[in-house]
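Right, one structure below, let's go through it.
The values are calculated or read from the model by the stated rules, or taken from the named source; none is laboratory data. Keep in mind that what you see is a predicted model, and the values were worked out from it rather than measured. Cβ placement follows ideal geometry from the backbone for every residue including glycine, while neighbour counts extend to all protein chains displayed. Just so you know, the surface numbers come from the protein's heavy atoms only, side chains and all, with ligands and any DNA or RNA stripped out. Shrake-Rupley method; radii C 1.70, N 1.55, O 1.52, S 1.80 Å.
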Amino acid sequence: STTVYPTKVKVTSAGDPYIKKYFSKRYKTDNGDADFYVMRYAEVLLNAAEAAARLSTSTSDAFATEALGYINQLMKRARESVNDPSQPSVEPADWTSSLFADSNDLINTIIWERVFELGNEGHEWFDTHRLGADWILKNVCKPLNTFNELPANIKFWEAAFNETKITEELQTIRKGLLLAFPEYETRYNPAITSADQNDFYIK
């Protein structure tokens with residue numbers, strides 16, 4: 001079990017904050033709606049890098065340079081995370097402005113760095129929702145379908161999923177970003193009718 005700060009409440013592995021880090025500080029037996037107060041240094045750097053990159057208008061202006069500086073702190077830390085600190089690794093190399101076509105390319109690369117660095121820490125739901133359906137279609141659905149349809153993969157995927165293809169219909173992807181109203185909300189709020197329910201994802 002794990003002790004949840006600051007109440008010292010013990011939770012079992014089913015509620016382990018390392019599996020899902022957003023919990024109410026009053027957590028007892030179910031999920032709450034308050035953040036579990038943990039943010040790794042890497043997340044701080046990635047947040048700052050993305051914010052600066054979104055303010056940039058080119059890959060070499062002051063904001064882009066600031067974004068690269070935050071990312072390169074992360075790269076430096078990774079290189080020095082070796083058994084012998086006196087012999088740091090040469091990888092991952094620092095990012096430079098010449099690696100990116102434009103500001104959008106820099107932003108997108110930072111997003112993917114978030115995926116790699118913060119994987120399995122509960123960020124994916126929040127990141128995909130704030131990035132939206134257009135980003136998911138371009139960066140997830142289409143590339144996965146292209147990969148699955150490669151000659152080397154198609155036989156396996158046909159056998160495993162009976163030629164299942166990830167939707168590329170933007171409205172369907174957009175709907176998939178919504179959640180149903182909680183049952184207790186529909187029960188106690190007379191203004192919400194069955195017609196209002198976002199239940200398309202189970203139909």
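Sort 45-53, 179-187, 121-129 by packing, meaning the average of other beta carbons within 10 Å per residue, with the highest value first.
Details: 45-53: 20.3, 179-187: 11.4, 121-129: 14.4.
The densest-packed peptide leads the list: 45-53, 121-129, 179-187.
Roll a 1.4 angstrom probe over the protein heavy atoms and tell me the percent of accessible area of segment 70-116 that is carbon or sulfur. Please list the in-between numbers first.
Working: 1510 of 2920 Å².
Summing carbon and sulfur atoms, their accessible area is 52 percent of the total for segment 70-116.
Go through Thr109, Leu74, Ala93 and say which Cα lies farthest out towards the positive end of the charge dipole of segment 68-112; charges sit on Cβ, +1 for Lys and Arg, -1 for Asp and Glu.
Working it through, the farthest residue towards the positive pole turns out to be Leu74.
Amide H to amide H, which residues 5 or more places from Phe181 or on other chains are under 5 Å from it, using H placed in the peptide plane?
Here the answer is Asn198, since their amide H atoms fall under 5 Å of that of Phe181.
Per residue, how large is the accessible surface of segment 74-171? Use a 1.4 angstrom probe and give square angstrom.
That works out to 67 Å² for each residue.
Residue-wise, which Karplus ³J(HN,Hα) couplings in Hz belong to segment 93-109, taking 6.51 cos²θ - 1.76 cosθ + 1.60, θ = phi - 60°, and x for glycine or proline?
Running phi through 6.51 cos²θ - 1.76 cosθ + 1.60 with θ = phi - 60° gives 6, 4, 7, 10, 4, 5, 6, 10, 6, 6, 4, 5, 5, 4, 4, 5, 5 Hz.
Mind listing the Cα extents of segment 77-129 along all three principal axes, in Å, largest one first?
Result for segment 77-129: principal-axis Cα extents of 41, 31, 9 Å.
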